[in-house]
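The values are calculated or read from the model by the stated rules, or taken from the named source; none is laboratory data. As the structure is a computational prediction, the values presented were derived from the model and not from experiment. For neighbour counting, all protein chains shown are included, and Cβ atoms are generated from backbone atoms with ideal geometry for every residue, glycine included.
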Amino acid sequence: MTKETLRKEYKARRAALDPQQRLRLDDLLLLQFQQFDYSAIRTVLTYWPLSGQAEPNTHLFTGYLRHMLPGLVLAYPVTDTVSCEMTALAIDGDTVYQTNSLGITEPKEGRVIQPTGIDLVLVPLLACDTKGYRVGYGKGYYDRYLASCREDIVKIGFSYFDPIEEISDTGHFDVPLTYCITPQQTYEF
């Protein structure tokens, strides 16, 4: 299936989940996420779940990491809607957030973290395939950003649904995930 078809289908599938189901699925995702060894992780790029898109609750995962890894540097992306590029800004307890024109909540300011300084990226997705390629929201922000990261960076996506066999229109610019965590299991690519 094409990215466009998958994007429509998986937006609808997520929207069909009731809030109680999503809470239970988020807890199951967290249990899977807790199975990793994060001892080498110092800097994480995460994202704020999009309001109204029924995305997995990434705050659960980052809360767990903050608890387990004292001194962890947590960063959020800030998007430039003209150049379609992202910058990672470190956050702290005093960070003020704003919602941009795409509906993405991001920090107003913070220290810039270079792509090569990030150890783990939590990557948004609507669907992924058995090779680790994902369908995002269609702007290519994350693929461009991930292309400038270290080769050994860990890229984790979260999905309420198992991977499909293949996304038919992936391109040379698409960057595969390292792992996709579902409520039932973790897929490694």
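Of all residue pairs spaced 6 or more apart or on separate chains, those with beta-carbon atoms under 9 Å, a first member in the range 32-54 that is on the phi > 0 side of the Ramachandran plot and a second member that is assigned to a loop (DSSP other than H, G, I, E, B) and modelled with pLDDT of 95 or more are ALA54/ALA16; ALA54/LEU17; ALA54/TYR160. Here's a check for you: in the range 39-65, which residue that is part of a helix (DSSP H, G or I) and within 13 Å of LEU120 (Cβ to Cβ) is nearest to the chain's Cα centre (by Cα)? Applying the filter and picking the extreme gives THR58. Return the residue satisfying two criteria in turn: it lies in the range 18-39 and is of a type in the set (A, V, I, L, M, F, W, C) and touching a helix residue (DSSP H, G or I) at 6+ places or on another chain (Cβ under 7 Å), and of such residues it is surrounded by the fewest Cβ atoms within 10 Å (Cβ to Cβ). It comes out as LEU30. Taking the range 171-182 as the range and being more than 15 Å from the chain's Cα centre (by Cα) and surrounded by 17 or more Cβ atoms within 10 Å (Cβ to Cβ) as the test, no residue passes. Here GLY110, GLY157 are screened, and the one residue that is free of Cβ contacts under 8 Å to residues at least 40 places away in the same chain, under 12 Å from the mean Cα position of the chain (by Cα) and closer than 15 Å to THR46 by Cα is GLY157.
Table: residues versus (1) of a type in the set (Asp, Glu); (2) closer than 27 Å to GLU166 by Cβ.
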{"site": "GLU4", "(1), (2)": "yes, yes"}
{"site": "ALA15", "(1), (2)": "no, yes"}
{"site": "LEU28", "(1), (2)": "no, yes"}
{"site": "GLN34", "(1), (2)": "no, no"}
{"site": "VAL44", "(1), (2)": "no, no"}
{"site": "MET68", "(1), (2)": "no, no"}
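Being surrounded by fewer than 19 Cβ atoms within 10 Å (Cβ to Cβ), on the phi < 0 side of the Ramachandran plot and touching a residue at least 60 places away in the same chain (Cβ under 8 Å) is the requirement here; does ASP119 meet it? In short, yes. Among the listed residues GLU188, GLU166, identify the single one that is at pLDDT 95 or above, over 28 Å from SER39 (Cα atoms) and among the charged types (D, E, K, R). Being at pLDDT 95 or above, over 28 Å from SER39 (Cα atoms) and among the charged types (D, E, K, R) holds for just one of GLU188, GLU166, which is GLU166.
Scan PRO107, PRO56 and give me the residue that is farther than 28 Å from PHE161 by Cα and either among the aromatic types (Phe, Trp, Tyr) or modelled with pLDDT of 95 or more (or both).
PRO107
Filter the range 66-91 down to residues that are loosely packed, with under 15 Cβ neighbours inside 10 Å and at pLDDT 95 or above and give me whichever is farthest from the chain's Cα centre (by Cα). Checking each candidate, the answer is GLY71.
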